[in-house]
Amino acid sequence: MVGCPRSGTTLLQSMLAAHPEILSFPETKFFWNLIPLYKERWRRKLKMVSQDFKPRLKKFFVEEINRGELLEKFSKFNVLRSQYTRQFIHILDELTVSEGKKIWLEKTPEHLLYIDYIEKNVPGVKFIHILRNGTDVVASLHEVTQKYPEPWGGDCWNLNLCIRRWIEAAEISRQHIHKSNHILVRYEDIVTNPQVELVKLCQFIGINFTDSILQDYRHASEKLTLQSVGRTVKKEIINSQSEKFQKLFNESEREYIIKKLSKVDLSWLING
C-alpha cells in the first residue's frame, strides 16, 4: 500500500488488516532503507544495500514486531539488494502461513518511489494506491512534521516540501494506475462509503469481503500505528473536510498552496 504520507494509508491498512485472511504489520520501510541514496553512488552502482540498511532492518524485527529471531534467516553473506529482497519476501510469506493467513499487506507510503524495483523483484505483487485531497494532506503533513520533527527526518519539512510530496505522489500513481496489478482508492470515498470501496479492494486482492473489516479495524490499528510519530486511527470513520487547512495557514499561505496544487492535472482520475 502506497501513497503520500498523511493520505489515510494507516486507516485503510487497519481495515484490511482486520480481514481474517490478511496479515499486516507496522511500516517496514524495507525498500526505503534498502536502496542507497544518491550520495552513496558506488553502492547504487554495485546494487548493494545502503549503509544504514542493516541497523534499520534489525530495529524493525526487534523493536517493531518483536521477532528478532527472524534476522537469523538473512544470510550473513548478503551484500546485494536482490539477495535481501528475496529473503525478506520469503520471511513475510512464512510469517503469513504461520499465522494462518493467506495474504500479507505491507504499508509504507514512501515505497511509492520504488514501484519499479518492487515489481521487478517481488513476483505477483499488487499495489493499492491511496489519494487524498491535496489541501488536507499538506495541512496534515505540515502539522505532524512540525510536531514530531525527529521521526520525520528533522527540520527539513517546510511548506514547499509538503506540497511537493503530494504532487509527486499523485504523478507517480498516475504513471502506474493503468496496470492490472495497481488500484487507486480515494480517501474521501473510503470515509463516505467504506463498504463499497472495500468490496472493490477485496475483489482486486482476490478475497471475499467480510464484515469484520468494518467491525474490527480499530483493534487492528493498535498493532499497526505509532502514536509517537503522529500515526493514529480515529475511533470512528468520520467524513469531514479537514479544518486544519483553515486553522494552520493564513489567507496568503492558503492561496499559495491552492495555486500550487491547482496546477496538477487530475483528469486521469475521471478518465481512468
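The values are calculated or read from the model by the stated rules, or taken from the named source; none is laboratory data. All values derive from a computational prediction rather than experimental measurement. Glycine also receives a Cβ, built like all others from the backbone with ideal geometry; neighbour counts cover every protein chain displayed.
A few notes on this one:
- Filter result (free of Cβ contacts under 8 Å to residues at least 24 places away in the same chain and touching a Phe, Trp or Tyr at 6+ places or on another chain (Cβ under 6 Å)) within segment 27-66: none
- Among the residues listed as Ser82, Ser14, the single one being touching a residue at least 60 places away in the same chain (Cβ under 8 Å) and either outside any loop (DSSP other than H, G, I, E, B) or among the hydrophobic types (A, V, I, L, M, F, W, C) (or both): Ser14
- Verdict on Glu72 being in a helix (DSSP H, G or I), over 24 Å from Leu184 (Cβ atoms) and either assigned by TED's automatic domain parsing to the domain that holds Gly206 or among the acidic types (Asp, Glu) (or both): yes
- Flag for Lys107 being in contact (Cβ under 8 Å) with a residue 24 or more places away in the chain and surrounded by 17 or more Cβ atoms within 10 Å (Cβ to Cβ): yes
- If you go through segment 177-199 and pick out every residue that is over 19 Å from Ser7 (Cα atoms) and basic (Lys, Arg), you end up with 1.
Conditions (1) in a helix (DSSP H, G or I); (2) in the same structural domain as Lys244 (by TED's automatic domain parsing); (3) at pLDDT 95 or above, marked per residue:
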position: Phe77; (1), (2), (3): no, no, no
position: His90; (1), (2), (3): yes, no, yes
position: Thr96; (1), (2), (3): yes, no, yes
position: Tyr114; (1), (2), (3): yes, yes, yes
position: Ile118; (1), (2), (3): yes, yes, yes
position: Val125; (1), (2), (3): no, yes, yes
position: Ile130; (1), (2), (3): no, yes, yes
position: Val144; (1), (2), (3): yes, yes, no
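- Residue in segment 73-82 that is surrounded by 15 or more Cβ atoms within 10 Å (Cβ to Cβ), of a type outside the set (Gly, Ala, Ser), more than 23 Å from the chain's Cα centre (by Cα) and closer than 21 Å to Ile118 by Cα present: yes
- Count of residues meeting criterion [outside any loop (DSSP other than H, G, I, E, B) and surrounded by 13 or more Cβ atoms within 10 Å (Cβ to Cβ)] in segment 146-170: 12
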